[in-house]
1. I need a count of the residues in the stretch 58-74 that are open to solvent by 50 Å² or more (accessible area, probe 1.4 Å), part of a strand (DSSP E or B) and more than 30 Å from E18 (Cα to Cα).
2. Sort out which residues of the stretch 160-186 are over 18 Å from L100 (Cβ atoms), of a type outside the set (A, V, I, L, M, F, W, C) and open to solvent by 30 Å² or more (accessible area, probe 1.4 Å), and write them in order of number.
3. Could you check, for the stretch 183-206, whether at least one of its residues is in a strand (DSSP E or B) and of a type in the set (S, T, N, Q)?
4. Scanning the stretch 46-57 for residues that are among the small types (G, A, S) and touching a Phe, Trp or Tyr at 6+ places or on another chain (Cβ under 8 Å), which turns out surrounded by the fewest Cβ atoms within 10 Å (Cβ to Cβ)?
5. Only residues that are touching a residue at least 24 places away in the same chain (Cβ under 8 Å), in contact with a Phe, Trp or Tyr (Cβ under 9 Å, 6 or more places away or on another chain) and more than 16 Å from S64 (Cα to Cα): list them for the stretch 1-37, please.
6. Got at least one residue in the stretch 15-31 being of a type in the set (D, E) and part of a strand (DSSP E or B)?
7. If S132 satisfies all but one of (1) open to solvent by 50 Å² or more (accessible area, probe 1.4 Å); (2) over 26 Å from I66 (Cβ atoms); (3) not basic (K, R), what's the number of the condition it fails?
8. For the stretch 88-110, which residues satisfy the criterion of being out of contact with any strand residue (DSSP E or B) (no Cβ under 7 Å at 6 or more places or on another chain) and either closer than 11 Å to G77 by Cβ or without any contact (Cβ under 8 Å) to a residue 24 or more places away in the chain (or both)?
Amino acid sequence: IDGTAGDFVRLLPEDGAETWAFQVAPEAKVEITYAAVSNSVASRAVNVAGGTDLGGNNENWSFSRIIVVGEEIDWTGAVDDDWLKGGNWSLGRAPVETDLVVVKAKAPVMPTLKGAAMLLDKLTVEAGAALSLGGVSLTVGSVLTVKGTLTVTGTEVLTILGDADFAGGTYERGTADRVVFGGDVNQVFGPGGNAFRSLRIEKSGGTL
């Protein structure tokens, strides 16, 4: 079911009906975008990307934003230091691979990565801000800019596939960390006077 940003599909009860049922087979894959839903009970959890909850009388429905490739998402630290909690981010969700991620210096709490190894396209740590990898290996696909502090706590691997600039920033080494330059494009590395425990070049093409 697909509407558009300017023309929502309206999923409403029939005239006179208080509620209506949305039956979904257990094996069915449901994709709904840009829909306005009112007074409905879904048979299992259904998410509407870019949708609207009309009246708040919906059961088993959830509504999320459409993720735009390359949009900026800022760390606010409004809840705690958990990178994966949506409440800590300006867009109400954790970052995805296509985001421009900015760790803001004005945040009351600084973030720590959680979970499995992570891939981000662009990452900026502002001057006065800090990011701890927290034991999670990180790959940055396009641009890494560290004006604040990037801390490695143990044996994490920081893989950089594009340019990296540490000018004015601080790289705090772990116990056995590695920084790896990979990919097949020309890259520029500005260490900014930092000392790195282990630098490895594993490029399939291009220059560093």
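The values are calculated or read from the model by the stated rules, or taken from the named source; none is laboratory data. None of these values were measured; they are calculated from a predicted model. Virtual Cβ from ideal backbone geometry, glycine too; neighbours counted across all protein chains shown. Protein only, heavy atoms only, side chains kept; ligands, DNA and RNA dropped before computing areas. Shrake-Rupley method; radii C 1.70, N 1.55, O 1.52, S 1.80 Å.
1. Number satisfying all stated conditions: 1.
2. If the condition is that a residue be over 18 Å from L100 (Cβ atoms), of a type outside the set (A, V, I, L, M, F, W, C) and open to solvent by 30 Å² or more (accessible area, probe 1.4 Å), then G168, T170, E172, R173, T175, R178, D184, N186 are the ones that fit.
3. The initial filter retains those residues of the stretch 183-206 that are in a strand (DSSP E or B), namely 189-190, 199-201.
Then keep just the ones that are of a type in the set (S, T, N, Q); that gives none.
Checked against the condition, which is being in a strand (DSSP E or B) and of a type in the set (S, T, N, Q), the stretch 183-206 yields no hits at all.
4. Checking each candidate, the answer is A49.
5. Listed by number, the residues that qualify are D7, L11, L12, P13, F22.
6. Taking the stretch 15-31 first, the residues of a type in the set (D, E) are 15, 18, 27, 31.
So of that shortlist, the ones also part of a strand (DSSP E or B) come out as none.
No, the stretch 15-31 contains no residue that is of a type in the set (D, E) and part of a strand (DSSP E or B).
7. It is condition (1) that S132 fails.
8. Hits for the stretch 88-110 are A94, A105, K106, P108, V109.
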